[in-house]
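Chemist: Right, I'll just put the structure down here and ask away after.
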Amino acid sequence: MEIVVVESYRELSARAAAVVGDEIKKNRRPVLGLATGSTPEGMYAQLVRMFNDEEVDFSNVTTFNLDEYAGLHPEHPQSYHYYMRQHLFDHINIKKENIHIPQCYNQDVSEFCREYDRSVIAAGGVDLQILGIGGNGHIGFNEPGRYLNCLTHLTDLTEDTIKDNSRFFNSPDEVPRQAVTMGMGSIMHAAKILLLASGNSKARAIKHAVGGTITTDFPASLLQLHRDVTLLVDREAAALIEK
Ligand code: GLP
């Protein structure tokens, strides 16, 4: 795992966007795996700027998002569909048919999940997967537990995650209790992974992700088994690995 420590969130966002931009430029049909959450917001803002400055063209880009809450309408302001339109898709020239985001709203979830995995394979797999990390070590919505799923699936969210993510909702009661997420196996199949983390609150998670025991109790620890992971962190998130 390559570890890059930067001074600020601004630098982290610019570096992450540059990695994505390079992938798009060097690949004729780039396939990106995308994450949500507050961490990649700055990266998306940079990518929009790069598009406006004609540094990057999204017309041949295909995207697969990691996850989505179960039961939230795609127009719900806290849905990841909404997030992606707001932060990226509404501002660039990506083709609608090339955008893929898990859905779990009024449909057969297991059939949707199988179809999602088939679409990733049909696109040739993910070239560059962007990841954030949950405070409890979750990746996408692959929550800690005795077992991890390989493929896209419906999952229960842990109390930790519900509490963490309640900051985006009016109250913890409004946070969906389930989500659809790509599985750890699908994520580990990406050719390259870029893991982003910023701030003190991620320092403990980053420490467990980069060293020590590989365990389903801390899903991000599995990334140590991947051959091409770059961890891009600011000083605060790196605090416990720099010591
Ligand atoms: C959510 C998402 C994850 C994300 C995590 C961290 O739970 N499902 O994909 O990595 O939050 O979010 P943040 O970047 O806001 O800390």
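The values are calculated or read from the model by the stated rules, or taken from the named source; none is laboratory data. What you see is a predicted model; the values in this text were computed from it and never measured. Please note: Cβ atoms are built from the backbone with ideal geometry, for glycine as well, and neighbour counts cover all protein chains shown. To get the accessible areas, we keep the full protein, side chains included, count just its heavy atoms, and leave off ligands, DNA and RNA. Shrake-Rupley method; radii C 1.70, N 1.55, O 1.52, S 1.80 Å.
Chemist: Please indicate, with yes or no, whether at least one residue in region 128-150 is open to solvent by 20 Å² or more (accessible area, probe 1.4 Å) and β-branched (Val, Ile, Thr).
Modeler: Scanning region 128-150 turns up no residue that is open to solvent by 20 Å² or more (accessible area, probe 1.4 Å) and β-branched (Val, Ile, Thr).
Chemist: Another question about this same structure. Out of Ile187, Ile193, report the one residue that is within 12 Å of the ligand (Cβ to nearest atom), open to solvent by less than 20 Å² (accessible area, probe 1.4 Å) and within 16 Å of the chain's Cα centre (by Cα). Give the derivation first.
Modeler: Working: Ile193 fails: within 12 Å of the ligand (Cβ to nearest atom).
Checking each option against the conditions leaves just Ile187.
Chemist: If you go through region 2-34 one residue at a time, how many are closer than 20 Å to Gly134 by Cα, small (Gly, Ala, Ser) and surrounded by fewer than 22 Cβ atoms within 10 Å (Cβ to Cβ)?
Modeler: Number of matching residues: 1.
Chemist: Here is a follow-up. Between a first residue in region 100-121 that is more than 25 Å from Ala191 (Cβ to Cβ) and a second residue that is open to solvent by 70 Å² or more (accessible area, probe 1.4 Å), which pairs have beta carbons less than 6 Å apart while being 6 or more apart in sequence or on different chains?
Modeler: Final answer for the pair search is Tyr105/His73; Val109/Leu154.
Chemist: I would also like to ask the following. Output the number of the condition that Gln78 fails; it satisfies all remaining conditions of (1) open to solvent by 50 Å² or more (accessible area, probe 1.4 Å); (2) away from the ligand (no atom under 12 Å from the Cβ); (3) out of contact with any Asp or Glu (no Cβ under 6 Å at 6 or more places or on another chain).
Modeler: Condition (2) is where Gln78 drops out.
Chemist: So which residues in region 81-113 are surrounded by 14 or more Cβ atoms within 10 Å (Cβ to Cβ) and farther than 20 Å from Thr39 by Cβ, if there are any at all? If you could, list the steps in order and put the result at the bottom.
Modeler: So in region 81-113, the residues surrounded by 14 or more Cβ atoms within 10 Å (Cβ to Cβ) come out as 81-85, 87-89, 91-92, 94, 98-105, 109, 112-113.
Within region 81-113, Ile94, Asn98, Ile99, His100, Gln103, Cys104, Tyr105, Val109, Phe112, Cys113 meet the criteria.
Chemist: For Ile121, are the conditions met, namely being within 24 Å of Val31 (Cβ to Cβ) and within 12 Å of the ligand (Cβ to nearest atom)?
Modeler: Here the answer is no, as Ile121 does not meet what is asked.
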